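The values are calculated or read from the model by the stated rules, or taken from the named source; none is laboratory data. As the structure is a computational prediction, the values presented were derived from the model and not from experiment. All Cβ positions, glycine included, derive from the backbone under ideal geometry; neighbour counts span all protein chains shown.
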Amino acid sequence: MMFHMKRKSTVADAPPPRAEAGEGTPFRLEAFLPYRLSVTANRMSRAFARAYAELVEKRDESDPDFLAVFGRTPKKGESQDVAQAGQLVFFDAIPIEGLELELDVMTPHYPDYYQGKEPWPTPWQNPVPITFLTVAPGTTFAFAVGLRQGVTDPQRRLRALAETWLRQGLAELGFGAKTTSGYGRFVADGGRGS
């Protein structure tokens with residue numbers, strides 16, 4: 001099952017790790033995109049669907065549908081025998097239209113306080129502007145959820161449920177950094193695969 005969602009707001013993302021980009025190395029777009037947009041999305045699509053199911057719908061591993069979609073990870077002290085793989089696979093999210101990267105800036109006004117050098121935020125600290133890379137609003141991504149090998153879902157019920165959780169998670173919770181500041185929201189763009 002594939003569907004498309006468009007960025008409603010700017011998405012704040014961190015630059016690649018120093019080991020990846022190298023200190024003082026000029027920024028290379030082709031090095032950034034596969035690392036941040038695919039790897040991050042691959043690891044996060046499932047997490048956003050799960051977060052929505054847990055935080056908004058109050059579902060957990062006691063719910064058979066939740067368990068079927070996400071599986072079960074043993075809790076501390078439990079035997080590995082209770083582990084269960086989810087029946088669905090969340091694939092990489094891929095930018096398919098309108099990809100544009102932008103620079104944004106934030107200015108922490110109390111850097112010494114945030115770094116633990118001052119016990120209180122004081123007006124004599126020097127604000128330090130920090131630029132960071134963002135994905136511009138309007139970028140459309142393709143998301144896909146499939147069945148794990150050997151699993152059947154004839155009425156597509158589990159895939160529809162997972163898609164709903166992922167769509168709602170991206171729209172309501174957001175994706176990337178600074179979501180509490182309004183960054184990272186998605187809206188449906190109407191595109192849909194199979």
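In the range 69-98, what count of residues is obtained for those that are in contact with a helix residue (DSSP H, G or I) (Cβ under 8 Å, 6 or more places away or on another chain) and surrounded by 14 or more Cβ atoms within 10 Å (Cβ to Cβ)?
Residues meeting the conditions: 13.
Step by step: first the residues of the range 135-176, then only those that are among the hydroxyl-bearing types (Ser, Thr, Tyr) and free of Cβ contacts under 8 Å to residues at least 24 places away in the same chain, then the one that is nearest to VAL187 (Cα to Cα). Which residue is that?
By that ranking, first place goes to THR164.
Kindly indicate the residue of the range 55-71 that is charged (D, E, K, R) and within 18 Å of VAL145 (Cβ to Cβ) and also farthest from the chain's Cα centre (by Cα) among those meeting that condition.
ASP63
Identify, from the list PRO137, PRO123, the residue that is surrounded by 11 or more Cβ atoms within 10 Å (Cβ to Cβ) and assigned to a loop (DSSP other than H, G, I, E, B).
PRO137
Are there any pairs, at least 6 apart or on different chains, whose C-beta atoms fall under 7 Å, with the first in the range 98-123 and free of Cβ contacts under 8 Å to residues at least 12 places away in the same chain and the second acidic (Asp, Glu) and not in a loop (DSSP other than H, G, I, E, B), and if so, which?
So the pair list comes out as GLU118/ASP112.
What are the residues in the range 99-120 that are loosely packed, with under 11 Cβ neighbours inside 10 Å and more than 30 Å from ARG46 (Cα to Cα), if any?
THR107, GLN115, GLY116, LYS117, PRO119, TRP120, listed by residue number.
If you go through the range 142-163, how many residues are more than 17 Å from ASP92 (Cα to Cα), in a helix (DSSP H, G or I) and either in contact with a His (Cβ under 6 Å, 6 or more places away or on another chain) or not basic (Lys, Arg) (or both)?
Adding up the residues that qualify gives 3.
Can you name the strands (runs of 3 or more DSSP E) wholly within the range 1-101 that have at least 1 residues being at pLDDT below 80, over 30 Å from PRO154 (Cβ atoms) and of a type outside the set (Phe, Trp, Tyr)?
Answer list for the range 1-101: 2-7.
Of everything in the range 141-167 that's surrounded by fewer than 18 Cβ atoms within 10 Å (Cβ to Cβ) and closer than 30 Å to GLU100 by Cβ, which residue is modelled with the highest pLDDT?
Once the filter is applied, the top-ranked residue is THR164.
How many of the residues making up the range 52-68 are touching a residue at least 60 places away in the same chain (Cβ under 8 Å), aliphatic (A, V, I, L, M) and surrounded by fewer than 17 Cβ atoms within 10 Å (Cβ to Cβ)?
Of the residues in the range 52-68, 2 are touching a residue at least 60 places away in the same chain (Cβ under 8 Å), aliphatic (A, V, I, L, M) and surrounded by fewer than 17 Cβ atoms within 10 Å (Cβ to Cβ).
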